[in-house]
Amino acid sequence: MSAGVIATEDPSAIRACNALLAEAIERGASDIHLEPRRDGGVARLRIDGLLHDGATFESLLFERIIMRMKLLGGIDIAERRKPQDGRFNSGAFDIRVATMPVLNGERITARLQANDTRMPAIEALGFAPSMLARFRFLIGSPQGLVIACGPTGSGKTTTMYAALAERLGRNESLCSIEDPVEIRTPGINQVQIHEKAGLTFESAMRGLLRHDPDVVFIGEIRDRATVELAASAALCGRLVVSTLHAPDAWTARMRMLDLGLSERLVDGAVTAYVSQRLLRRIASDGSFVGRVGAFELAEGGSLSPQSLADPLHPLRLDAQRHVREGRTSADEVERVLGPCR
């Protein structure tokens with residue numbers, strides 16, 4: 001047995017990994033960050049969007065914790081020079097593991113996703129009533145392309161699943177293509193990407209369109225081929241919903257153009273962009289518990305270039321609504337969206 005494998009089976013490393021996962025789950029963390037330092041390493045937990053310092057480890061134990069997490073994730077423990085990714089299950093949670101070589105060694109980010117996450121209720125996301133009514137109309141349409149945009153961790157996938165929930169029970173074929181499947185849902189034909197086996201977003205989308213879907217959820221638009229297929233499906237009479245990494249609706253449209261779609265095709269296929277952020281909720285004792293969404297809903301023909309620093313940006317105006325109604329604070333809005341100019 002190699003020294004690396006022996007290290008991954010070290011009882012202290014196993015106990016430390018188990019304790020980290022248990023603490024993250026108990027505290028409702030979305031991610032575990034394992035970061036090397038010159039004299040060891042530290043674990044940090046992302047809770048409600050903020051990173052909190054946790055346990056520290058001496059160098060040898062930290063290295064063995066890293067190796068243990070790599071082994072659990074099915075990652076090559078001998079490869080330390082390039083980024084890798086993998087996943088594993090821990091009880092009721094799916095754990096996505098990503099590695100990265102850094103100055104003092106190797107770091108790991110582990111994202112936690114509950115296997116039994118419940119389908120979110122669209123009313124609970126934080127939409128203003130008038131915006132919610134319009135969003136419901138758009139996702140109830142028989143065709144079109146609706147894109148949720150925002151940074152990682154802004155709740156895009158949750159919003160799109162809430163949209164899918166609105167279509168359950170309508171005698172329709174609902175399908176999703178994801179990496180990974182985040183909310184396992186009866187009534188939705190869910191496809192999990194497996195790039196090593198050749199099952200990419202593009203190949204899955206091409207195959208799925210032969211199965212007569214009414215609604216298709218593409219977990220993320222990443223490349224030209226996928227966005228072309230999504231736009232084509234929308235123009236051919238299907239509702240397609242997806243996510244895109246972009247700060248707001250205008251920038252999302254620019255990214256669609258950057259991916260290679262013509263302006264005519266983008267504006268003809270996309271019915272709406274939903275940009276969003278998550279703001280920490282104020283609890284009755286003044287602390288923060290949980291989060292609520294702030295949204296911008298921009299339909300295809302109503303976009304204009306506007307800085308997020310503009311106090312009249314629709315996303316900032318919606319965030320300020322939550323401040324006025326006592327759900328969050330002005331400081332929290334500034335933390336998430338930045339200061340006004």
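The values are calculated or read from the model by the stated rules, or taken from the named source; none is laboratory data. Please read these numbers as outputs of a predicted model, since none were measured by experiment. Counting neighbours? That spans all protein chains shown, and the Cβs are built from the backbone with ideal geometry, glycine included.
Of all residues in the range 203-233, count the ones that are surrounded by 23 or more Cβ atoms within 10 Å (Cβ to Cβ) and farther than 15 Å from V191 by Cβ.
Here the count works out to 2.
I need the helices (runs of 4 or more DSSP H) fully contained in the range 1-118, keeping only those with at least 3 residues that are at pLDDT 95 or above. Please lay out each step first, then the result.
Values: elements: 3-8, 11-26, 59-72.
Fully inside the range 1-118 and qualifying: 11-26, 59-72.
Let's see how each residue does on (1) free of Cβ contacts under 8 Å to residues at least 12 places away in the same chain; (2) in a loop (DSSP other than H, G, I, E, B):
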residue	(1), (2)
E296	no, no
P305	no, yes
L315	no, no
Q320	no, no
R335	yes, no
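Among (1) out of contact with any Phe, Trp or Tyr (no Cβ under 8 Å at 6 or more places or on another chain); (2) farther than 30 Å from A319 by Cβ, which single condition is I65 missing?
All conditions are met except number (1).
Residues to consider are R68, R46; find the one that is within 30 Å of E332 (Cβ to Cβ), in contact (Cβ under 8 Å) with a residue 60 or more places away in the chain and buried (at least 17 other Cβ atoms within 10 Å of the Cβ). If you could, list the steps in order and put the result at the bottom.
Numbers: R68 fails: within 30 Å of E332 (Cβ to Cβ).
After ruling out the rest, the residue left standing is R46.
Here are S262, S232, S275, S242: which of them is outside the structural domain of D48 (by TED's automatic domain parsing) and in contact with a Gly (Cβ under 6 Å, 6 or more places away or on another chain)? Steps first, please.
On the way: S262 fails: in contact with a Gly (Cβ under 6 Å, 6 or more places away or on another chain); S232 fails: in contact with a Gly (Cβ under 6 Å, 6 or more places away or on another chain); S242 fails: in contact with a Gly (Cβ under 6 Å, 6 or more places away or on another chain).
Step by step, each of S262, S232, S275, S242 is checked, and only S275 is outside the structural domain of D48 (by TED's automatic domain parsing) and in contact with a Gly (Cβ under 6 Å, 6 or more places away or on another chain).
Take the range 76-93 and flag every residue that is buried (at least 18 other Cβ atoms within 10 Å of the Cβ) and over 22 Å from the mean Cα position of the chain (by Cα).
I77
Say we look at the range 143-191 and pick out the residues that are farther than 18 Å from M119 by Cα and more than 11 Å from the chain's Cα centre (by Cα); which of these is modelled with the lowest pLDDT? Walk me through it before giving the result.
Looking only at the range 143-191, we keep the residues that are farther than 18 Å from M119 by Cα, and these are 143-147, 149-152, 171.
With the extra rule that they be more than 11 Å from the chain's Cα centre (by Cα), the set shrinks to 143-147, 171.
Working: Q143: 96, G144: 96, L145: 97, V146: 97, I147: 97, N171: 92.
Top of the filtered list is N171.
Determine whether T109 is closer than 22 Å to L244 by Cα and in contact with an Asp or Glu (Cβ under 7 Å, 6 or more places away or on another chain).
yes
Out of the residues in the range 141-168 that are in contact with a strand residue (DSSP E or B) (Cβ under 8 Å, 6 or more places away or on another chain) and small (G, A, S), which is nearest to L308 (Cα to Cα)?
G150
Considering every residue within the range 31-43, establish whether at least one is of a type in the set (D, E), free of Cβ contacts under 8 Å to residues at least 40 places away in the same chain and closer than 18 Å to L112 by Cα.
No.
What's the number of the condition G105 fails, among (1) crowded, with 16+ Cβ neighbours inside 10 Å; (2) under 21 Å from the mean Cα position of the chain (by Cα)?
The single condition G105 does not satisfy is (2).
With respect to R316, determine if the residue is within 30 Å of A29 (Cβ to Cβ), over 19 Å from the mean Cα position of the chain (by Cα) and crowded, with 22+ Cβ neighbours inside 10 Å.
yes
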